[in-house]
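Undergrad: Have a look at this one.
Read-outs throughout are calculated quantities, based only on the coordinates presented, and are distinct from any laboratory measurement. On a predicted model such as this, the values are computed, not experimentally measured, just so you know. Note that each Cβ is placed from the backbone with ideal geometry, even for glycine, and that neighbours are counted across all protein chains shown.
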Amino acid sequence: MARIIDGKKISQEIKDEVRAEIEREGIKACLAVIIVGDDPASQVYVKNKKTACEYCGIRSLSYELKADTSEEELKALIEKLNRDSEVDGILVQLPLPGHINEDNIIEAIDPDKDVDGFSRRSVGALSIGTDGFVSCTPAGVIELLKRSGVDIAGKECVVMGRSNIVGKPMAMLMLRENATVTVVHSKTRHIEDICSRADILIVAIGKPEMITHDYVKAGAVVIDVGIHRIDPEKNDGRKLCGDVDYADVEPVASYITPVPGGVGPMTIAMLMKNVLKAAGKR
């Protein structure tokens, strides 16, 4: 039976550390959050970020823009926040409406305020191992592993998924921790065979409960980054699931993250850590 990695507990530890440092050093940190449109999931995420800011002692500014806001109007707001010396971090909630180019918006943010870690400079710094902001979800996975006592160095790691937000930075972070890393994706052949070799399997493929025990080596560490809404009437009352079939995989893994309560809470905790870092630089 696997040991459950408690993301709620570990994320709380990190937020407590951020709060303690802000109080101890007298740091005044500020995060500006921009949301365009009224997507319900995005609104929940933004609300959770505001709550975390309040807990940690970080001032938060909220900008709720209409769905038909133009790309030029959004850029103008970002430029205003770039120039505001009291704003340490700028976060534009994704996804954006289809008429707005997300890459253009990400690059409009001052890299020194890119607390999401999505800009080219942040990604470049990660790829060559220099200091910069690291994408919050992959950074959270590293904290989950380390704080759970999982040794990474020398282990064979498989990352499922190659997105710019999770898969690619996750692979680079695991390399930085001296793991041997393989990335698999939709065009990879013999995925099941590759995954079943992994000491650490990190799943971010966006397909509900795709990963069964057939993909998992006995004793492997399994990190489930996915989250999906499901019909509770058809799933024993469950409203959410991950990319991993938890009930099927848990008996063969050594460690596993649940959904919810695993990776999800870590993303916001690491965002708070990045805002603190930005404020410290200022």
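Undergrad: Using R₀ = 25 Å, calculate the FRET efficiency as 1/(1 + (r/R₀)^6) where r is the Cβ-Cβ separation of Asn164 and Asn82; round to 0.05.
TA: Taking R0 as 25 Å, the efficiency between Asn164 and Asn82 is 0.70.
Undergrad: How much of the DSSP bridge set in the chain is antiparallel, in percent, rounded to the nearest 5?
TA: Of the beta bridges lying entirely in the chain, close to 5 percent run antiparallel.
Undergrad: While we're here: Using Cα pairs closer than 8 Å and at least 6 residues apart in sequence, work out the relative contact order for region 1-80, in percent.
TA: Value for region 1-80: 34 percent.
Undergrad: Please work out which option in [x] 57, 41, 39; [y] 52, 43, 39; [z] 52, 40, 35 gives Cα extents along the principal axes in Å calculated from these coordinates, and answer with its label.
TA: Matching entry in [x] 57, 41, 39; [y] 52, 43, 39; [z] 52, 40, 35: [z].
Undergrad: Something else: What net charge do the residues around Gly154 carry, taking every other residue with its C-beta under 11 Å from that of Gly154, with Lys and Arg at +1 and Asp and Glu at -1?
TA: Taking every other residue near Gly154 into account, the sum is -3.
Undergrad: For region 179-235 and region 157-173, compute the distance between their C-alpha centroids and round to whole Å.
TA: Answer, in whole Å: 12.
Undergrad: Okay, next question. State, as an integer percentage, the relative contact order of the chain based on alpha-carbon contacts under 8 Å between residues 6 or more apart.
TA: 23 percent.
Undergrad: For the peptides 233-245, 109-121, what is the packing order when you average, over each peptide's residues, the other Cβ atoms within 10 Å and list the highest mean first?
TA: 109-121, 233-245
Undergrad: Then there's this: Quick one, can you get me the convex hull of the C-alpha atoms of region 136-265 expressed as volume per residue in Å³?
TA: 100
Undergrad: Hey, another quick one. Figure the gain on full extension for Lys281 and Ser254 (residue separation times 0.36 nm, minus the Cα-Cα span) and round it to one decimal in nm.
TA: 5.8 nm is the gain from fully extending Lys281 to Ser254.
Undergrad: At what distance in angstrom do the alpha carbon centres of region 131-155 and region 237-262 lie from each other?
TA: Going from one Cα centre to the other spans 19 Å.
Undergrad: Measure out, as a whole number of angstrom, how far apart the alpha-carbon centroids of region 73-90 and region 11-70 sit.
TA: 15
Undergrad: Could you compute the FRET efficiency for Asn104 and His228, with r as their C-beta to C-beta distance and R0 at 30 Å, rounded to 0.05?
TA: With a Förster radius of 30 Å, E is 0.55.
Undergrad: Extending each Cα 7 Å along its Cβ direction at Ala218 and Met1, get the distance between those two points in nm, one decimal.
TA: A separation of 1.9 nm, rounded to one decimal place.
Undergrad: Estimate the FRET efficiency between Asp38 and Arg238 by the formula 1/(1 + (r/R0)^6), using the beta-carbon distance for r and 22 Å for R0, to the nearest 0.05.
TA: After rounding, the FRET efficiency stands at 0.25.
Undergrad: Per DSSP helix of 4 or more residues, -39500 (n - 2.57); summed, then divided by the residues of the chain. What does that give at 222 nm, rounded to the nearest 500?
TA: -12500 deg cm²/dmol
Undergrad: Sticking with this one: Where does region 8-116 land on Rg(C-alpha)/(2.2 N^0.38 Å)?
TA: Cα Rg divided by the expected 2.2 N^0.38 Å: 1.12.
Undergrad: How far is helix 7-25 tilted, in degrees, relative to the longest principal axis of the Cα atoms in the chain, given as a value from 0 to 90 rounded to the nearest 10?
TA: 30
Undergrad: Residues of region 134-154 with the amide nitrogen closer than 19 Å to a label point 7 Å from the Cα of Glu17, along Cα-to-Cβ, please.
TA: 134-153
Undergrad: Got a sec to turn the phi values of region 146-162 into Karplus ³J(HN,Hα) couplings, 6.51 cos²θ - 1.76 cosθ + 1.60 with θ = phi - 60°, whole Hz, x for Gly and Pro?
TA: 5, 6, 9, x, 8, 6, 9, 4, x, 7, 8, 10, 10, 9, 9, x, 10
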